[in-house]
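Working notes for the structure below.
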Amino acid sequence: MALISRRLQRLTWGVRNPFSGFYLHSPTANFFSTLTHLSFPATVDDFEAEHLIPFSTLRFQSLYSFKIGSWDVDASEPCTALTQFLIAHPTLHELALGYASDGLFYGDLDPNVIRPDMLPNLQRLEAHARIVTMLAEKDCKCLDDISSLSTGQGLYHNALDDVEDMLMQLAMRNGLPRVNHLSFMAGDWASDREDNGDFFSWMEGFADICPNLEVWSGPLPKISLNMLTLVLGRFAKLQEIEERSWSVSELSSTTMIDVVRRIASQCPSLRHFDLKAQLKPQRYTIFRDSAGLMSSTVLSSLNDEFWLSDNWS
């Protein structure tokens, strides 16, 4: 760590024991004023959570982006420490609190410490549905300004209630008026369900609270093409769809281009449909005439760089 440049701006601590390892070396660090991006992608367990408490006392004057990996912690003290750390860093524009779509745990906050004025510059948020609910319940003003939200519920036993509670709390305030990019992880539990009326209901809820949505991304559970077309048509300004799994049922005689054109007929602003649920990701580009009517649809391959990018700064 002593060899790291004093002008370091980005740091990913990809080894085990992220917080303990970082904190043990931090007294020799000289980059607290320059570091803008800090990422701890490794899983945070109970052992690591104890070290999160002293880590939370560190201050990074220019911190722009902060990410932690999936969370497997039972104690409440680390949640309090993490919340206090976030409050102490109003410069944050990007925040990712790890959770897995196939997991039971997620990065948690302390609702008793959350403040309405925290994270005043936040633009991008990735967090479990219950975290978004907490922020809405505390009337956090940052929800009025974020432009990108990635959320879901994983395999937590109250998965259905978590999403419904989030949508209800967001609808009770101002919704998400500036969100133009939404990524929703329905959870692996939904992949084998034959009846996904819940998913349809959630998407309608998102359409109500995200009136300015332009990009929708996420895996799809089993759903009919009629239902998918109907619900996507609720997003009046939708320009791009990114599908990360494809379980939509359609007639065997229907080609994928026909499917895309059918969806585009209900989404008048749609320009791109990216299908990433296969070995070679594909992009369908919809061209329209001056009146907004579809004139042609072109299929192309997404390059590896585009496919691997998560669009975070």
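The values are calculated or read from the model by the stated rules, or taken from the named source; none is laboratory data. Note that the coordinates shown come from a computational prediction; the quantities given were computed from them, not determined experimentally. FYI the Cβ positions are ideal-geometry reconstructions off the backbone, even for glycines, and counts take in every protein chain you see. Just so you know, the surface numbers come from the protein's heavy atoms only, side chains and all, with ligands and any DNA or RNA stripped out. Shrake-Rupley method; radii C 1.70, N 1.55, O 1.52, S 1.80 Å.
At-a-glance table
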item: Residue in region 84-102 that is in contact with an Asp or Glu (Cβ under 6 Å, 6 or more places away or on another chain), open to solvent by 10 Å² or more (accessible area, probe 1.4 Å), farther than 19 Å from C210 by Cβ and assigned to a loop (DSSP other than H, G, I, E, B) present; result: yes
item: Flag for P211 being touching a residue at least 24 places away in the same chain (Cβ under 8 Å) and crowded, with 18+ Cβ neighbours inside 10 Å; result: no
item: Options E50, E77, E126: the member that is closer than 25 Å to M168 by Cα and among the acidic types (D, E); result: E126
item: Test: residue in region 100-115 that is under 16 Å from the mean Cα position of the chain (by Cα) and of a type in the set (A, V, I, L, M); result: yes
